[in-house]
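The values are calculated or read from the model by the stated rules, or taken from the named source; none is laboratory data. What you are looking at is a predicted structure, and each value in this text was computed from that prediction instead of being measured. Note that we place each Cβ from the backbone using ideal geometry, even for glycine, and neighbour counts take in every protein chain shown. Each accessible area value is taken on the protein alone, full model and side chains, heavy atoms only, with ligands, DNA and RNA left out. Shrake-Rupley method; radii C 1.70, N 1.55, O 1.52, S 1.80 Å.
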Amino acid sequence: MKKYGLNTICTHVGEIKDKQFKGAVSPIFLSSSYEFLDVDVKRYPRYFNTPNQEYLAKKIAALEHAEEAIIFGSGMAAISTMFLAFLQKGDHLVVQNTLYGGTVNFIKEEFPKYGIEFTFTEGYDVRDFENAMQSNTKLIHIETPSNPLMTITNMKAISNLAKSKGVVTSMDNTFASPVNQNPLDYGIDMVMHSATKYFGGHSDICAGAVASSSENIERIWNVAKNLGGSLSDMTVWMLERSMKTLGLRVKAQTKNAMKLAKWLQNHPKISKVYYPGLKSHPEHKLAKSQMRGFGAMLSFELTENLDSYKFQKQLKLIKSSMSLAGIESTVISPHLTSHALLTQDERDKVGISDHLIRFSVGIENVKDIKQDIEQAINTI
Ligand SMILES: *Cc1c(COP(=O)(O)O)cnc(C)c1O
C-alpha cells in the first residue's frame with residue numbers, strides 16, 4: 001500500500017465506498033446475518049469481520065505500521081484476549097510494575113484461575129525485565145508513558161531482550177497514541193489500545209484494538225471468536241468518524257500539554273510535574289528518542305498544604321472525571337480512583353502520593369485552563 005501521511009490515513013484509509021448512492025462517508029452495515037453459501041468471507045459480528053469492523057481495522061493497522069489489526073468492545077477485551085492468545089497454563093508473563101489499574105486487576109484476579117504465572121517488575125529499566133524473566137516466560141508486556149507517573153520504558157531495549165530469548169512483546173500504547181509513537185517500529189510485536197481514549201476522543205465510545213503481524217492477529221482472532229468481545233457496528237461507525245480527527249486532536253492536545261507542563265513546573269503551589277517533554281523528567285532523552293511528541297497526559301503534585309479533593313471540587317472548567325483523552329480537559333486523584341485498590345504502602349512504593357493529580361489535557365485555550373487551575377488553588 002502507498003505510504004500516506006498521518007492525517008490522510010486518519011481521513012481515508014479503511015473507507016467503505018458507497019457504490020450505490022456515492023455518499024461521501026462509509027455506509028454502516030448493521031446486518032448480523034450474511035450470505036453463507038458460495039461466499040469468500042463468511043461474515044458474522046462475533047467473527048470480527050462485518051464490513052465496518054473489517055475496514056476500520058485497516059485504518060488502525062495503517063496508523064500503527066502493522067500488517068493487520070482487530071477491534072474489540074473495550075480496551076480490556078483487547079488486552080485480555082491478546083494475553084490469553086499468547087499465554088496458557090504453565091506459561092509466565094513478565095509485566096511492568098507501573099501499569100493501567102484494570103490490567104493489573106485482570107492479571108491478579110484471573111491468571112491464577114488459568115494457571116498462568118506472572119511477575120511484576122521491580123522497576124521499568126530493561127534490567128528489571130531481565131531479572132523478572134523465567135525459563136517459561138512467553139510474553140513481556142509494557143506501558144510507556146505509564147499511568148499515572150508517565151515513566152518511559154525503552155521499547156528497543158525491551159524488544160531486543162525479548163528477541164534474544166525468543167519471547168513475544170506487547171505494549172499498551174493508549175497514552176501516546178499512534179500520533180506520538182509507533183511501538184512496532186521499535187521491534188515490539190503487538191500494540192494494543194483502549195480506543196475509549198484518544199481513538200474515540202469525545203468521551204462517548206468504549207472500544208479497543210490490537211495491531212500486529214497477520215500471523216499474530218490470526219492467533220488473537222482464534223481466541224477472540226471464542227471470548228466474543230466484539231464491538232457493535234454502530235459504535236464501529238462512530239469510531240471511524242472520530243478517528244478522522246485523531247491526528248488533529250492529539251497534536252493540539254500534545255501542544256497544550258507541553259505549554260501547561262512548563263507553566264505548572266514554575267507554579268509556586270505545584271511541587272512536582274511529571275511530563276516526559278520536560279527536561280527535568282528522568283527519561284526525557286529516551287522519550288525524545290522514541291516519541292514524535294510527548295503526549296497530552298501529565299501529572300502534578302500540589303504542595304503539602306493543599307488538599308487534592310478540595311482542589312478538584314473547585315475546578316469550574318476542567319472536569320474531575322474517571323476517563324481520559326477526550327477533547328475536554330479532565331483530572332483525577334489516582335489515590336482515590338485508578339489506584340484506590342492498592343494499599344498505602346503499595347502506592348508509596350510506586351510514588352503515588354495523596355497530592356498527585358493526573359491531568360488529561362484537552363483542546364481548550366491554554367489561558368482558560370491556566371485560569372481555572374489558578375482560581376481553584378487560590379480558593380482553597
Ligand atoms: C482505559 C485504559 C485501558 C482499558 O480500556 P477500556 O476501554 O476502559 O477497557 C487500558 N489501558 C490504558 C492505558 C487505559 O487508559
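Would you point out the residue of the range 163-188, among those that are more than 12 Å from the ligand (Cβ to nearest atom) and under 18 Å from K59 (Cα atoms), that is surrounded by the most Cβ atoms within 10 Å (Cβ to Cβ)? That would be P183.
Residues being in contact (Cβ under 8 Å) with a residue 60 or more places away in the chain and out of contact with any Asp or Glu (no Cβ under 7 Å at 6 or more places or on another chain): count how many of those fall in the range 16-44. Residues meeting the conditions: 1. One residue is enough: does the range 184-193 have a residue meeting the conditions assigned to a loop (DSSP other than H, G, I, E, B), touching a residue at least 12 places away in the same chain (Cβ under 8 Å) and aromatic (F, W, Y)? The answer is no, given that none of the residues of the range 184-193 is assigned to a loop (DSSP other than H, G, I, E, B), touching a residue at least 12 places away in the same chain (Cβ under 8 Å) and aromatic (F, W, Y). One residue alone among T151, T137 is under 30 Å from V273 (Cα atoms), at pLDDT 95 or above and among the hydroxyl-bearing types (S, T, Y), and that residue is T151. The set of residues in the range 198-242 being within 13 Å of the ligand (Cβ to nearest atom) and in contact with a His (Cβ under 7 Å, 6 or more places away or on another chain) consists of F199, G208, A209. The set of residues in the range 1-33 that are aromatic (F, W, Y) and open to solvent by less than 60 Å² (accessible area, probe 1.4 Å) is empty. Would you call Y47 farther than 18 Å from E218 by Cα, aromatic (F, W, Y) and within 27 Å of the chain's Cα centre (by Cα)? The answer is no for Y47.
Given the criteria assigned by TED's automatic domain parsing to the domain that holds S146, at pLDDT 95 or above, over 19 Å from the mean Cα position of the chain (by Cα) and open to solvent by 40 Å² or more (accessible area, probe 1.4 Å), does W237 qualify? When the stated conditions are applied, W237 passes them.
Filtered by the rule that a residue be open to solvent by 40 Å² or more (accessible area, probe 1.4 Å) and among the aliphatic types (A, V, I, L, M), the range 201-234 gives L227, M234. Checking the structure you have, find out if any residue of the range 125-133 is open to solvent by 30 Å² or more (accessible area, probe 1.4 Å), within 16 Å of the ligand (Cβ to nearest atom) and under 25 Å from N160 (Cβ atoms). For the range 125-133, residues open to solvent by 30 Å² or more (accessible area, probe 1.4 Å), within 16 Å of the ligand (Cβ to nearest atom) and under 25 Å from N160 (Cβ atoms): absent. Could you tell me how many of the residues in the range 149-161 are surrounded by fewer than 24 Cβ atoms within 10 Å (Cβ to Cβ) and away from the ligand (no atom under 16 Å from the Cβ)? Residues meeting the conditions: 6.
Of everything in the range 312-326 that is away from the ligand (no atom under 16 Å from the Cβ) and under 26 Å from G201 (Cβ atoms), the residue that is surrounded by the most Cβ atoms within 10 Å (Cβ to Cβ) is I318.
From the list T303, T330, the one residue that fits, being touching a residue at least 24 places away in the same chain (Cβ under 8 Å), more than 16 Å from the ligand (Cβ to nearest atom), closer than 19 Å to D372 by Cβ and among the hydroxyl-bearing types (S, T, Y), is T303.
Residues that are open to solvent by less than 50 Å² (accessible area, probe 1.4 Å) and either within 11 Å of the ligand (Cβ to nearest atom) or outside the structural domain of K197 (by TED's automatic domain parsing) (or both) within the range 63-97 comprise F72, G73, S74, G75, A77, A78, I79, S80, listed in sequence order.
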